[in-house]
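Undergrad: One structure, pasted below without further comment.
The values are calculated or read from the model by the stated rules, or taken from the named source; none is laboratory data. As the structure is a computational prediction, the values presented were derived from the model and not from experiment. Cβ placement follows ideal geometry from the backbone for every residue including glycine, while neighbour counts extend to all protein chains displayed.
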Amino acid sequence: MRGKLIVFEGVEGCGKTTQLKRSQQWFIDSGWQSLLQAKGYVSQLITTREPGGTDLGVKVRQLLLEQSIAEAMQSRAELLLYAADRAQHVDGYLTPQLHQSTLILCDRYTDSTIAYQGYGRGIDLKLISQLNDIATGGLESDLTLWLDLDAETGLARTRQRGTLDRIEQADVSFHHRVQQGFTELAQRYPQRITHIDASPPETEVAEQIQAVLSQKFSEWYGVERIKDKG
Ligand code: T5A
């Protein structure tokens, strides 16, 4: 059976990385992993991210997020770098894993490009859609969890960590436009994108995500929902 691509999206500091790790652990603790593996539906669960899910992607991520280049990065150059990272990720990693029945949890994917480069930078949305098609070869997520959090709260969380990367340093109006982008995407694609309230404490956000994942596993694999242990 083909694997599934589950994507976590949202503004800076919305808690994607935290929840991705929690979901990975919950998959084991809840018994879903042993059930789906025993039935042969899923081989393994892996986590990955964009940018930076491949060796090439790690280099591209450095170019995109570190402040090491003296000249300002132009928006279309930025767009193409994200696309290059994605093309490598899809062809070199995601697609082969999906062919091996892997369940993939991915930190950001195509919606980030629409939200950041489209709504944030103001690049034409049709152009971004074309480029996303080229970079993905048509691979869409099976489920996107949108961790909805206002931009200020997310930025405050990232500031507590200390250093800010190149994109986190953009002015707050940029981050408001990004949030607007995610909001509109969720309205446009309700079948694919599921809304998660990311403002409560971590454990409550995790419970919302676990409920969605349990429901999706039942739907995708036709197995009875089991009682979550944690
Ligand atoms: N980008 C990416 C584009 O512009 N276009 C694209 O096409 C793509 C793919 C990626 C950057 O690239 C941009 C978007 C980004 O700017 P990144 O480092 O991956 O860079 O940036 P983020 O994805 O934003 O990662 P962050 O680590 O900054 O945010 P997360 O993962 O959402 O948040 P997380 O889990 O690290 O949590 C942040 C802090 O908040 C705390 C955590 O402990 C942590 O300290 N926290 C909570 N605090 C209170 N309540 C909760 N519920 C909390 N959950 C987490």
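Undergrad: Need the failing condition index for SER173 against (1) without any contact (Cβ under 8 Å) to a residue 40 or more places away in the chain; (2) within 13 Å of the ligand (Cβ to nearest atom); (3) small (Gly, Ala, Ser), just the number.
TA: Here SER173 meets the rest and fails (2).
Undergrad: Given the criterion of a type in the set (A, V, I, L, M, F, W, C), under 17 Å from the mean Cα position of the chain (by Cα), assigned to a helix (DSSP H, G or I) and within 14 Å of the ligand (Cβ to nearest atom), identify the matching residue among VAL58, VAL7, VAL11.
TA: Details: VAL7 fails: assigned to a helix (DSSP H, G or I); VAL11 fails: assigned to a helix (DSSP H, G or I).
From the options VAL58, VAL7, VAL11, the qualifying one is VAL58.
Table: residues versus (1) modelled with pLDDT under 95; (2) surrounded by fewer than 15 Cβ atoms within 10 Å (Cβ to Cβ); (3) closer than 27 Å to THR163 by Cα.
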| site | (1), (2), (3) |
| --- | --- |
| GLY10 | no, no, yes |
| LYS16 | no, no, yes |
| PHE27 | no, no, no |
| LEU35 | no, no, no |
| LEU45 | no, no, no |
| THR54 | no, no, yes |
| SER75 | no, yes, yes |
| LEU81 | no, no, yes |
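Undergrad: Looking at GLN62, GLN37, GLN88, GLN74 in this structure, which one is closer than 30 Å to GLU224 by Cβ and among the polar types (S, T, N, Q)?
TA: On the way: GLN62 fails: closer than 30 Å to GLU224 by Cβ; GLN88 fails: closer than 30 Å to GLU224 by Cβ; GLN74 fails: closer than 30 Å to GLU224 by Cβ.
After applying the criteria, what remains is GLN37.
Undergrad: Looking at the range 86-107, which of its residues are farther than 13 Å from THR136 by Cβ and within 14 Å of the ligand (Cβ to nearest atom)?
TA: LEU105, ASP107
Undergrad: Being crowded, with 23+ Cβ neighbours inside 10 Å and of a type in the set (Val, Ile, Thr) is the filter; apply it to the range 108-121 and report the residue that is farthest from the ligand (Cβ to nearest atom).
TA: Among those residues, the one meeting the criterion is THR110.
Undergrad: Do we find that ARG49 is more than 30 Å from GLU78 (Cβ to Cβ), among the basic types (Lys, Arg) and under 18 Å from the mean Cα position of the chain (by Cα) in this structure? Give the steps one after another, and end with the answer.
TA: Numbers: more than 30 Å from GLU78 (Cβ to Cβ): no; among the basic types (Lys, Arg): yes; under 18 Å from the mean Cα position of the chain (by Cα): yes.
No.
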